[in-house]
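The values are calculated or read from the model by the stated rules, or taken from the named source; none is laboratory data. Here the structure is a predicted model, which is why all the values come from computation and not from measurement. Glycine also receives a Cβ, built like all others from the backbone with ideal geometry; neighbour counts cover every protein chain displayed.
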């Protein structure tokens, strides 16, 4: 693992290109297993839990990280599962901050 989780998410003001495939590959290699890049657009990972309450607790913890970082993921929560989808909405693609946020979720 890298020190991605130690970094802060940097606000994107737009006007920058999304990361290219090579940059994305280098960054995803630094994340825990389970993360995938969907069509070069966003990161996605699903976690399994023994019940709904555990999945909700995880999602609330991840949401608190989002608030603290000022960078927000989309979540799906159901019985025994939680899924996070991360991308930089301002540019409709991936930036380093998306991988930083994913690495922070890996620490939960």
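Here is how the numbers come out for the structure above:
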| item | result |
| --- | --- |
| Number of the exception - residue 83 against (1) assigned to a strand (DSSP E or B); (2) under 12 Å from the mean Cα position of the chain (by Cα); (3) under 25 Å from residue 3 (Cβ atoms) | (3) |
| Residue that is surrounded by the fewest Cβ atoms within 10 Å (Cβ to Cβ) [pool: residues in segment 84-108 that are out of contact with any helix residue (DSSP H, G or I) (no Cβ under 9 Å at 6 or more places or on another chain) and in contact (Cβ under 8 Å) with a residue 24 or more places away in the chain] | 92 |
| Qualifying residues in segment 11-22 (those that are surrounded by fewer than 16 Cβ atoms within 10 Å (Cβ to Cβ) and modelled with pLDDT under 90) - the one farthest from the chain's Cα centre (by Cα) | 15 |
| Residue satisfying condition, being in contact (Cβ under 8 Å) with a residue 24 or more places away in the chain, on the phi < 0 side of the Ramachandran plot and in contact with a strand residue (DSSP E or B) (Cβ under 7 Å, 6 or more places away or on another chain), within set 42, 71 | 42 |
| Checking residue 66 against (1) more than 17 Å from residue 4 (Cβ to Cβ); (2) free of Cβ contacts under 8 Å to residues at least 40 places away in the same chain; (3) out of contact with any helix residue (DSSP H, G or I) (no Cβ under 6 Å at 6 or more places or on another chain); (4) crowded, with 16+ Cβ neighbours inside 10 Å, the condition it does not meet | (1) |
| Residue check, residue 58 touching a residue at least 60 places away in the same chain (Cβ under 8 Å), touching a strand residue (DSSP E or B) at 6+ places or on another chain (Cβ under 9 Å) and part of a helix (DSSP H, G or I) | no |
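Residue-wise test of (1) touching a helix residue (DSSP H, G or I) at 6+ places or on another chain (Cβ under 8 Å); (2) over 20 Å from residue 97 (Cα atoms).
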| site | (1), (2) |
| --- | --- |
| 25 | no, no |
| 30 | yes, no |
| 37 | yes, no |
| 41 | no, no |
| 44 | no, no |
| 52 | no, yes |
| 57 | no, yes |
| 62 | yes, no |
